[in-house]
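The next block holds one structure in the form of structure tokens; read it before the comments.
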Amino acid sequence: MNFYSKLVLALLIFISLLTCLESGQAFGNEEAIHIDTKDWIFPTSGKISDEFGTRGGEHRGIDISGSYGESVRTVEEGEVTKSYYSSSYGHVIFVSHPSGYETVYAHLSNRLVKEGAKVQKGQVIGQMGSTGRSSGTHLHFEIHVGAWEYNNDTTSIDPYIVFGKGEVGHEVLANLHTPYLSDSVHTHIEQQTQSEVHHIVKDGDTLWDIAIQYEIEVKDIMDVNELSDSLIVVGQELTIPKPLTSAHLKSIGFIEVLSTLGIEVNGV
Ligand SMILES: [Zn+2]
């Protein structure tokens, strides 16, 4: 073998090694990704309308279609690396997470955070919309191992690796980790958890008793009922807010239903 053949061979080996390393980094160990991201939550509520890898491999995220203006939340704490208007992504927010991942939230109707902002897991950062290259109201959500790169996508991974295998039509709820298996479970939970409850104040009731009874904060009751102090009177009707939390799911017995179906609930 002459010098040039050796050089070409060495180059080929070097390139194939690089390719291996790169794909290892980008798509590598699913188990490791699953462990890193086991506490992530779905960024919004809606129905899965398109999956990763469709459109001839061009679709690098997952689409969740829902109501215009629906809250869009960060899946994990982090720092906003970009918040701007793009002709393709529309109003878009990028969040870099301490675990080393970067997530992208696109086609928003409204952005609520600026570049450099520190965000908590579940914090509302924007609202669902249809800006940019989008047909219909939905959130386009991407996950990258490492930082997102313009026009050079070697980092995106299938969100199903993080959240478990779903399919088009599955309902997902912000604050939960795994797509629901069927519409009926979802509808049932929504009816149970998102309708308001009214409490008529009985003799001896205090706001603290009522808060404990419904597993909510005193402050939430005061806010919803516009109370300026903790004084309540017998016969008064109080609106009890019922935010969707694992505590409420637990209190209405749905954790059992979900775990029977093999569904993980964040924080339980
Ligand atoms: Zn999309």
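Below is a table of values for the structure above.
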quantity: Ascending count of other beta-carbon atoms within 10 Å, so fewest first, for T155, T74; calculated: T155, T74
quantity: For a label point 7 Å along the Cα-to-beta-carbon line of T239, residues of the range 200-223 with backbone N under 15 Å; calculated: 200, 220-223
quantity: Inter-part distance where the range 34-72 and the range 225-240 are each reduced to a Cα centre, Å; calculated: 40
quantity: Amide proton proximity set for N110, modelled H, under 5 Å, gap of 5+; calculated: Q127
quantity: Computed E for K165/E77 - FRET, C-beta separation, R0 30 angstrom, nearest 0.05; calculated: 0.70
quantity: Those chymotrypsin sites (Phe, Trp or Tyr not before Pro) in the range 90-155 that DSSP places in a loop and that have at most 12 other beta carbons within 10 Å; calculated: Y150
quantity: Pairwise label distance in nanometres, I200 with Y68, each label 7 Å out on the Cα-Cβ vector; calculated: 4.1
quantity: Aspartates and glutamates with Cα under 15 Å of K202, excluding same-chain neighbours fewer than 8 positions away; calculated: E237
quantity: Exposure proxy order (Cβ contacts within 10 Å, fewest to most) of L207, L227; calculated: L227, L207
quantity: Order of T103, T131 - criterion: other Cβ atoms within 10 Å of each residue's Cβ, fewest first; calculated: T131, T103
quantity: Residues whose placed amide H lies under 5 Å from that of Q123, excluding near-sequence neighbours; calculated: T74
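Here, each number is a calculation from the coordinates, and none is a lab measurement. Note that the structure is a prediction, hence the values are computed from the model and not measured. Cβ: placed from backbone, ideal geometry, glycine included. Neighbour counts: every protein chain shown.
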